[in-house]
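Have a look at the structure below, then the notes.
The values are calculated or read from the model by the stated rules, or taken from the named source; none is laboratory data. These figures come from a predicted structure and were not determined experimentally. Don't worry about glycine lacking a Cβ; one is built from the backbone with ideal geometry, like all the others, and counts go over all protein chains shown. Side chains are part of the model used for accessible areas, which takes the heavy atoms of the whole protein and leaves out ligands, DNA and RNA. Shrake-Rupley method; radii C 1.70, N 1.55, O 1.52, S 1.80 Å.
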Amino acid sequence: MAGEIKGWDRNQMAARAAQELEDGMYVNLGIGIPTLVANYVGDKDITLQSENGMLGMRPFPFEGEEDPDLINAGKQTITELARTSYFDSATSFGMIRGGKIAVAVLGAMEVSERGDLANWMIPGKLVKGMGGAMDLVAGVGRVIVVMDHTNKHGESKVLRDCTLPLTGKGVVDRIITNLGVLDVTHKGLHIVECADGVTREELIAATEATIV
Amino acid sequence: MKKVFATASEALDGLLHDGMLIAAGGFGLCGIPELLIDALVASGVKDLTVASNNAGVDDFGLGKLLATRQISKMMSSYVGENAEFMRQYLSGELELEFNPQGTLAERMRAGGSGIPGFYTQTGVGTQIAEGKEVKIFNGKEYILEEGIFADLSIVKAWKADDTGNLIFRKTARNFNPPAAMCGKVCVAEVEEIVPRGSIDPDHIHLPGIYVHRLIQGQHEKRIEQRTVRKREEA
């Protein structure tokens with residue numbers, strides 16, 4: 001296992017994921033690195049959905065201006081925009097299930113070469129629930145996973161088959177890791193690009209899944 | 001018929017029985033029916049099944065009903081914020097049925113709309129699909145999910161008129177409308193009850209047909225994750 005590969009840091013991964021977003025898109029960003037993607041959309045007109053019932057999220061409020069009636073899906077206090085709309089949870093997941101949200105950017109524990117995604121439970125550990133993740137991956141037009149390429153033991157998180165219980169089967173379109181960008185194709189994973197300072201050979205060596 | 005009651009306990013009078021199924025609105029601690037939950041604690045009703053996206057925190061929201069062991073089963077999508085919940089769940093005292101968040105919302109909406117089941121792609125190929133009927137539409141797999149028909153709905157809105165027409169505020173709307181719809185009886189708690197005619201009929205979020213009893217009260221509206229930015233970043 002190539003231990004000291006550099007590649008992208010969290011912010012560079014988020015910036016790379018932001019390149020996937022196009023002007024006019026309605027987008028759902030997950031918790032963790034995906035949340036950072038909002039910092040890199042530049043001038044593009046992107047509307048962020050919060051699945052608890054809001055389109056048009058803005059950043060955290062100034063101290064003293066927190067509103068207990070205004071939170072994101074991570075239960076953090078947030079603010080609204082001039083374009084913001086609110087709706088109930090059934091409507092929110094109606095737009096998700098109905099394919100109205102163009103892109104979801106999510107974190108993952110494991111992704112397989114067929115686009116299977118595992119990000120909600122580790123058997124034997126405390127299971128908190130899937131929240132809206134299963135609905136998002138099943139319904140959203142394009143699912144992009146942003147995650148570290150390997151776990152803390154240096155083992156590939158991009159696998160032939162997921163070992164953890166699935167969040168969705170064959171749902172991931174593109175994987176962005178600290179080592180590069182991979183697309184899920186019906187033959188296996190296709191390398192779109194390598195991260196700065198990472199060679200194709202290093203990326204293949206760090207990946208358990210089939211790369212074509 | 002008069003829908004407005006003086007207190008949460010009076011509004012629940014005659015509606016409770018052990019072993020009942022209650023649908024509750026709210027997301028995290030946002031928009032939860034905190035006064036009605038307190039009244040349920042005081043009533044001592046037990047062996048409850050509660051359909052609610054989350055389970056509150058240890059000392060607020062549904063966490064209070066868990067602390068008193070009045071809940072025997074939860075139907076939820078995410079329960080990570082409650083240590084007592086986890087203790088009861090891991091020891092086998094509490095049953096937990098995980099529902100994907102959108103599936104839970106749609107199960108409530110469907111139940112309230114007289115739809116006993118619907119097909120969804122959510123959960124296909126996962127543990128959630130185990131034991132559920134699979135049907136192919138246009139070459140894609142869908143699983144059958146059932147509508148929720150609750151004995152009682154408890155919800156929180158911002159404003160109501162005295163006929164039960166409701167307005168919600170910002171993201172505190174969340175599960176409240178679908179939860180309200182799926183109960184045989186729905187009790188709503190609001191911050192303000194205004195006379196009929198005070199709300200523009202075009203601005204009503206949930207028509208009073210879904211709301212049978214109403215109370216007005218003071219809400220703590222606790223914030224679960226207070227996140228702010230510094231002024232100089234502006």
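For segment A:121-127, the Karplus equation 6.51 cos²θ - 1.76 cosθ + 1.60, evaluated at θ = phi - 60°, returns couplings of 8, 10, x, x, 9, 4, 9 Hz by residue, with Gly and Pro reported as x. Chain A has equivalent-ellipsoid semi-axes of 30, 19, 16 Å, by the square roots of 5 times the alpha carbon gyration tensor eigenvalues, sorted largest first.
Calculate the FRET efficiency for residue B:209 and residue B:41 from the Cβ-Cβ distance with a Förster distance of 30 Å, rounded to the nearest 0.05. Efficiency for this residue pair is about 0.55.
Largest first, what is the accessible-area ranking of B:223, B:71 with a 1.4 Å probe? Mind dumping the intermediate values first?
On the way: B:223 35, B:71 5 Å².
Listed by decreasing accessible area, they come as B:223, B:71.
Remark: segment A:1-104 projects, on average over all directions, an area of 8.6 nm² (convex hull of Cα atoms).
Applied to segment A:39-54, the Karplus parametrisation 6.51 cos²θ - 1.76 cosθ + 1.60 on θ = phi - 60° returns per-residue 3J(HN,Hα) values of 6, 10, 7, x, 8, 5, 8, 10, 9, 8, 8, 10, 5, 6, x, 8 Hz, with x for Gly and Pro.
Cα extents for chain B along the principal axes, largest to smallest and rounded to whole angstrom: 54, 52, 40. The Stokes-Einstein estimate for segment B:99-217, based on a Kirkwood radius over Cα pairs and taken at 37 °C with 0.692 mPa s viscosity, is a diffusion coefficient of 212 µm²/s.
Taking segment A:80-105 and a reference point 7 angstrom along Cα→Cβ of residue A:19, the backbone N atoms nearer than 20 Å belong to A:103-105.
In this structure, residue B:229 and residue B:58 have a Cβ-Cβ separation that, at R0 = 22 Å, corresponds to a calculated FRET efficiency of about 0.15. For segment B:89-104, putting each phi into the Karplus relation 6.51 cos²θ - 1.76 cosθ + 1.60 with θ = phi - 60° gives couplings of 5, 5, 8, x, 6, 10, 8, 10, 10, 6, 10, x, 4, x, 5, 4 Hz, in residue order, rounded to whole numbers and with x for Gly and Pro. The apolar share of the surface of chain A, taken as the fraction of accessible area on carbon and sulfur atoms (1.4 Å probe, ligands and nucleic acids excluded), comes to 49 percent. Summarising the strand pairing of the protein assembly as shown, around 40 percent of its internal DSSP beta bridges are antiparallel. In this structure residue A:31 has an accessible area near 130 Å², from a 1.4 Å probe over the protein heavy atoms.
Above 32 Å lies some portion of the pair distances; for the protein assembly as shown, what is it as a whole percent of all C-alpha pairs? Tail of P(r) above 32 Å: 40 percent of Cα pairs. Built from the Cα atoms of segment A:121-186, the convex hull projects on average onto 5.2 nm², one quarter of its surface area. Beta bridges assigned by DSSP with both partners in chain A are antiparallel in approximately 55 percent of cases. Computed from label points 7 Å out along Cα-Cβ, the spacing between residue B:141 and residue A:39 is 4.0 nm.
Can you tell which of A:58, A:160, A:16 shows the greatest fluctuation in a Gaussian network model of chain A with Cα springs below 10 Å? Maximum fluctuation in the GNM of chain A, among the listed residues, is at A:58. Placing a label point 7 Å from the Cα of residue A:191 along the Cα-to-Cβ direction, the residues of segment A:97-139 with a backbone N closer than 20 Å are A:111-115.
For residue A:195, nonlocal amide neighbours, meaning residues 5 or more places apart or on other chains whose placed amide H falls under 5 Å from its own, are A:180, A:181. Expressed as an acute angle from 0 to 90° and rounded to the nearest 10, what is the orientation of the C-alpha long axis of helix B:34-43 relative to the principal long axis of chain B? Roughly 80 degrees between the two axes.
Can you tell which of B:61, B:112, B:80 shows the greatest fluctuation in a Gaussian network model of chain B with Cα springs below 10 Å? Result for chain B, Cα springs under 10 Å: B:80 fluctuates most. Cβ-Cβ distance of residue B:7 and residue B:192, R₀ of 25 Å, FRET efficiency by 1/(1 + (r/R0)^6): the value works out to about 0.95.
For segment B:65-99, the residues whose backbone nitrogen is under 18 Å from a point 7 Å from the Cα of residue B:127, taken along Cα to Cβ, are B:73-82, B:85-99.
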